[in-house]
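K.L.:
For reference, the structure I am asking about is given below.
The values are calculated or read from the model by the stated rules, or taken from the named source; none is laboratory data. Computed from a prediction, not measured in an experiment: that's the story for all the values here. Cβ coordinates were reconstructed from backbone atoms using ideal geometry, including for glycine residues, and neighbour counts include every protein chain displayed.
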Amino acid sequence: MAINLFDLAHNLSPKQYAEIILSSGDYFPGFYRFTMGTRTYEHDQMTVSGLIKYYLNQQTTNQYRNRGQWFQKSFERMNSLDERLKSRSDYSVYELLSKKYKDWIDCGDSYDVVVIETHNKKPFLMNETYFYMGALIRFTEENILLGYDDYRDESVETIPINFNESSEIIDRIYKENFSDLFLPAKIVGNINFVGEMGELKMSDSLFEHTLMVDSNSVVIASNRTKSSELSMRWAKDICLTEYE
Amino acid sequence: MNNLIRNSECVSCTITDVDKNGNAEVMFSGFRQARFETSVIILYEYGGSYYYPTTLEYRLIDNNVLYLIEELSVNSMEKVFQVLSSSMEKEERWTNKFVLCLAHLNKKPKYCHELKNFEIGNVELIEIYE
C-alpha cells in the first residue's frame, strides 16, 4: 500500500489526522516506548500513598526534597540499564545514550507528575483523560485534546472532532480492547526546582483525585522543561523515589 | 491516506521506499514480525526548517523519533540512525538499512513538529520536491 507524502503534509483532514493517531494503539508499541505490561510498580518507585504522604509533609513543614532525592530511583534504574546498554555492539552508541539519558532525567527545572490508573479499566467516556501510547488524550464534546494536562487544563493539540465522531472511530477500531490500551490518567501536579530544591505543587481538586485513585496506580514524571511541546511525552518514564 | 488508518487489527507500519512523486510504500506487520530490509524515515523541509510528521511518530514501528531528537537531544539524523540501527540489532536481532527521505515543500506542513538546531549529517538520502 502507498501514501503520498505531499498529501500527508497538506491535505490531511482533522478527521483523518485523528483516525491515524487513534490507529496506533498496540500492545507492543515499538522502540523507546513502554508497553502497558511494564507500567507496573518497581521497588522504591514513588507510589500513590508516598506521593500523598510527601505532599502533606511538605505542606506542613515547608521542607523540600533535593534533586538527588527526587531522582535517586531513576539513577539506580539507569545504572542497571547501563549494563544492558553496554551489550550494544556499537560502544559509541552506548556512550551517547548513557549521557543523553542521564541529562534527560535531571536537566529540567520543571517536571510534571502523572498518575496512571493501571488497575481501573474504564470504558470510552467524555471528559475522561487517558494514557494512550505514551500520550495523554481526552475526548470532549467538541474536540479531541492530544497531550492534555489536567493540572493546567491545556493541551498540546486540539483536534476539532466531536464526541460522536470520536465515538464512531473508537468503536470501529477498538471493538473489544479499548480499556486495555486507554488507561485513565491525570497529571496531578508539578515539581518545580529552584536551584537544587524541588517543590511539589498540586491543586486541591487533583490532590483529592489522588486520594481516591486505586493505590496500585503508577506514578511517573516527565521532564516538562524538555518536552512540554510533545504530545507523546510519557512514552518513557522518569521514576521518582518513594517517600516513606 | 486511509492506508494509515486501521481496522480493528493491531498492526504497525514501516515505510520501505519512496518514489520521486512522493508515494511512500507502506508495509504492515505485527510487532516482532516487522522485519524489513529498509526503513525510511520522513522529514519535511520548508523555508530552511525541518519538520517531523506527528502522524508518523504515532504510527510507525521505528519510532519514537521525537523522543530521541527532542527529549534525549540526539541532534542529527546520522546519530538517530546509529541509535535506531543499534536498537534494531540489539532488541530485534535484525540488521536493516535506515534511509532518510527529505521532502522539500512549497508551504509549511500541517500536523508536524518543527525540529530546532537539528542537522542531517551523513545518511543515505532520498530527496523529493513538491
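K.L.:
What's the number of the only condition in (1) away from chain A (no Cβ under 12 Å); (2) part of a loop (DSSP other than H, G, I, E, B) that B:V99 fails to meet?
P.N.:
(2)
K.L.:
Could I ask something else about it? Which of the residues spanning the range A:14-53 are within 13 Å of another protein chain (Cβ to nearest Cβ), modelled with pLDDT under 85, assigned to a loop (DSSP other than H, G, I, E, B) and on the phi < 0 side of the Ramachandran plot?
P.N.:
Initial filter on the range A:14-53 (within 13 Å of another protein chain (Cβ to nearest Cβ)): A:14-37.
Filter again for modelled with pLDDT under 85, leaving A:26-37.
Among the residues that remain, those that are also assigned to a loop (DSSP other than H, G, I, E, B) are: A:26-35.
Residues satisfying the conditions are A:D26, A:Y27, A:F28, A:P29, A:F31, A:R33, A:F34, A:T35.
Yes/no matrix, rows are residues, columns are (1) modelled with pLDDT under 90; (2) surrounded by 19 or more Cβ atoms within 10 Å (Cβ to Cβ):
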{"residue": "A:V93", "(1), (2)": "yes, yes"}
{"residue": "A:S98", "(1), (2)": "yes, no"}
{"residue": "A:D112", "(1), (2)": "no, yes"}
{"residue": "A:N127", "(1), (2)": "no, no"}
{"residue": "A:Y132", "(1), (2)": "no, yes"}
{"residue": "A:E154", "(1), (2)": "no, no"}
{"residue": "A:I161", "(1), (2)": "no, yes"}
{"residue": "A:N164", "(1), (2)": "no, no"}
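K.L.:
Mind counting the residues in the range A:183-200 that are of a type in the set (D, E) and within 28 Å of A:I137 (Cβ to Cβ)? Steps first, please.
P.N.:
Applying the first criterion (of a type in the set (D, E)) to the range A:183-200 yields A:196, A:199.
Next cut, within 28 Å of A:I137 (Cβ to Cβ) only: none.
Qualifying residue count, the range A:183-200: 0.
K.L.:
For the list (1) touching a residue at least 24 places away in the same chain (Cβ under 8 Å); (2) surrounded by fewer than 22 Cβ atoms within 10 Å (Cβ to Cβ); (3) among the charged types (D, E, K, R); (4) away from every other protein chain (no Cβ under 14 Å), I need the number of the one condition that A:K186 fails.
P.N.:
Here A:K186 meets the rest and fails (2).
K.L.:
What is the residue count in the range B:14-43 for residues that are at pLDDT below 85 and at the interface with another protein chain (Cβ under 9 Å from one of its Cβ atoms)?
P.N.:
5
K.L.:
Which of the residues spanning the range A:114-125 are surrounded by fewer than 20 Cβ atoms within 10 Å (Cβ to Cβ), out of contact with any helix residue (DSSP H, G or I) (no Cβ under 9 Å at 6 or more places or on another chain) and at pLDDT 95 or above?
P.N.:
Matches in the range A:114-125: A:L125 only.
K.L.:
Moving on to the next point. Among the numbered criteria (1) part of a helix (DSSP H, G or I); (2) more than 7 Å from chain A (Cβ to nearest Cβ); (3) of a type outside the set (F, W, Y), which one does B:Q82 miss?
P.N.:
Every condition holds for B:Q82 apart from (2).
K.L.:
Quick check on my filter: what residues within the range B:56-77 are touching a strand residue (DSSP E or B) at 6+ places or on another chain (Cβ under 8 Å) and surrounded by fewer than 20 Cβ atoms within 10 Å (Cβ to Cβ)?
P.N.:
B:N75, B:S76
K.L.:
Mind telling me which of the residues A:Y148, A:Y174 ends up being of a type in the set (S, T, Y), surrounded by 17 or more Cβ atoms within 10 Å (Cβ to Cβ) and farther than 30 Å from B:N117 by Cβ?
P.N.:
The conditions single out A:Y174.
K.L.:
Consider the range A:199-237. How many of its residues are in a strand (DSSP E or B) and within 12 Å of chain B (Cβ to nearest Cβ)? Write out each step before concluding.
P.N.:
Applying the first criterion (in a strand (DSSP E or B)) to the range A:199-237 yields A:199-202, A:218-223.
This time we only want the ones that are within 12 Å of chain B (Cβ to nearest Cβ), so: A:222-223.
Of the residues in the range A:199-237, 2 are in a strand (DSSP E or B) and within 12 Å of chain B (Cβ to nearest Cβ).
K.L.:
Quick one: which of B:K110, B:K116, B:K90 is surrounded by fewer than 18 Cβ atoms within 10 Å (Cβ to Cβ), more than 7 Å from chain A (Cβ to nearest Cβ) and out of contact with any Gly (no Cβ under 6 Å at 6 or more places or on another chain)? Spell out the reasoning first.
P.N.:
Values: B:K110 fails: more than 7 Å from chain A (Cβ to nearest Cβ); B:K90 fails: more than 7 Å from chain A (Cβ to nearest Cβ).
Exactly one of B:K110, B:K116, B:K90 is surrounded by fewer than 18 Cβ atoms within 10 Å (Cβ to Cβ), more than 7 Å from chain A (Cβ to nearest Cβ) and out of contact with any Gly (no Cβ under 6 Å at 6 or more places or on another chain), namely B:K116.
K.L.:
Taking the condition among the β-branched types (V, I, T), in contact with a strand residue (DSSP E or B) (Cβ under 6 Å, 6 or more places away or on another chain), more than 29 Å from A:C107 (Cβ to Cβ) and crowded, with 21+ Cβ neighbours inside 10 Å, does B:V26 pass? Walk me through how you get there before you give the answer.
P.N.:
Working: among the β-branched types (V, I, T): yes; in contact with a strand residue (DSSP E or B) (Cβ under 6 Å, 6 or more places away or on another chain): yes; more than 29 Å from A:C107 (Cβ to Cβ): yes; crowded, with 21+ Cβ neighbours inside 10 Å: no.
Criteria not met by B:V26.
K.L.:
Another question about this same structure. Among the residues of the range B:64-75, are any in a strand (DSSP E or B), under 21 Å from A:A135 (Cβ atoms) and more than 7 Å from chain A (Cβ to nearest Cβ)? Spell out the reasoning first.
P.N.:
As a first pass, look at the range B:64-75 and keep what is in a strand (DSSP E or B): none.
No.
K.L.:
Related question: Scan the range A:100-110 for residues that are hydrophobic (A, V, I, L, M, F, W, C) and modelled with pLDDT of 95 or more and report the count.
P.N.:
0
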